[in-house]
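> Once you've had a glance at the structure underneath, I'll fire off some questions.
The values are calculated or read from the model by the stated rules, or taken from the named source; none is laboratory data. These numbers come from a predicted model, not from an experiment. Cβ placement follows ideal geometry from the backbone for every residue including glycine, while neighbour counts extend to all protein chains displayed.
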Amino acid sequence: MNTQPQQNMRLTPEEYLEYERNSQIKHEYFDGEIFVMVGAKRNHNIINANITTNLVNQFRTDDSACRVFSNDMRIKIEKNGKYTYPDVAVACDRIEFEDNEFDILLNPIVIIEILSPSTESYDRGKKFEHYQLIESLKEYILIAQDHCLVEKYVRSNGFSGEWKYTVFNNTQQIMRIESIKCTLPLSDIYNWVEF
């Protein structure tokens, strides 16, 4: 999804949450500013649904303690106070929320972003930089929606700032997400997607 800054609004985190919980549209928040989340297009929505369905089905069969949260679950990056909405997030075991509203996830293990022309540089750059501050995050996955391309970043042992990069660009490939013991065939990710 695209983000656009909201003009002339500076809010505290508490004001942002009150505003956001009563808003009909989603906003990211960082350093007092809010950013409108612009709606997603057809391929983006299909890919999101494909990934979410695939992961949910795997967790059901394994009696997993992992849960999939699609694009409406807000994530807080505690180290810098940013609130954001990834396309897909997965958390496992003791899932932590900021408060009793259960709408702000604190400890995702996997974050998946579906790229668009308007968000690609942000998702690869500043947003990934911010996501790296989440200590629980083990894998960050970027998915193109206009051609077959999936990029996976896996955090090396510890919190050293080193990430292993792997690329997948063929619908015959299967991506393994080790941290949650799941697989995502690219043929499933791109099912019904028209390039």
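> Of the residues in the range 50-75, how many are small (Gly, Ala, Ser) and at pLDDT 90 or above?
Of the residues in the range 50-75, 2 are small (Gly, Ala, Ser) and at pLDDT 90 or above.
> If you scan the range 155-191, which residues turn out to be crowded, with 17+ Cβ neighbours inside 10 Å and free of Cβ contacts under 8 Å to residues at least 60 places away in the same chain?
Residues satisfying the conditions are 155, 168, 175, 186.
> Just for helices (runs of 4 or more DSSP H) wholly inside the range 76-195: which have at least 1 residues that are more than 12 Å from the chain's Cα centre (by Cα), closer than 17 Å to residue 56 by Cβ and at pLDDT 95 or above?
Answer list for the range 76-195: 186-189.
> Write out, first by first residue and then by second, each pair whose Cβ atoms fall under 6 Å of each other, whose residues are 6+ apart or on separate chains, and whose first residue, in the range 51-74, is buried (at least 19 other Cβ atoms within 10 Å of the Cβ) while the second is at pLDDT 95 or above and among the polar types (S, T, N, Q).
So the pair list comes out as 68/52.
> With respect to the numbered conditions (1) more than 25 Å from residue 80 (Cβ to Cβ); (2) among the hydroxyl-bearing types (Ser, Thr, Tyr); (3) surrounded by fewer than 19 Cβ atoms within 10 Å (Cβ to Cβ), which one is the sole condition not fulfilled by residue 136?
Looking at each condition in turn, residue 136 falls short on (1).
> Pick from 113, 101, 120, 129: which is crowded, with 20+ Cβ neighbours inside 10 Å and charged (D, E, K, R)?
Result: 113 is the single residue among 113, 101, 120, 129 that is crowded, with 20+ Cβ neighbours inside 10 Å and charged (D, E, K, R).
> Could you check how many residues of the range 86-98 are surrounded by 20 or more Cβ atoms within 10 Å (Cβ to Cβ) and touching a residue at least 60 places away in the same chain (Cβ under 8 Å)?
Result for the range 86-98: 2.
> Also, I was wondering about something else. Return yes or no: is residue 112 touching a residue at least 12 places away in the same chain (Cβ under 8 Å), among the aliphatic types (A, V, I, L, M) and more than 22 Å from residue 38 (Cβ to Cβ)?
no
> Here's a follow-up. Considering only residues of the range 21-51 that are of a type in the set (S, T, N, Q) and part of a loop (DSSP other than H, G, I, E, B), which is nearest to residue 187 (Cα to Cα)? Steps first, answer last, please.
Our first condition is that a residue be of a type in the set (S, T, N, Q); within the range 21-51, this holds for 22-24, 43, 45, 48, 50.
Okay, now just the ones that are also part of a loop (DSSP other than H, G, I, E, B), so 22-24.
Details: 22: 38, 23: 36, 24: 34 Å.
Result: 24.
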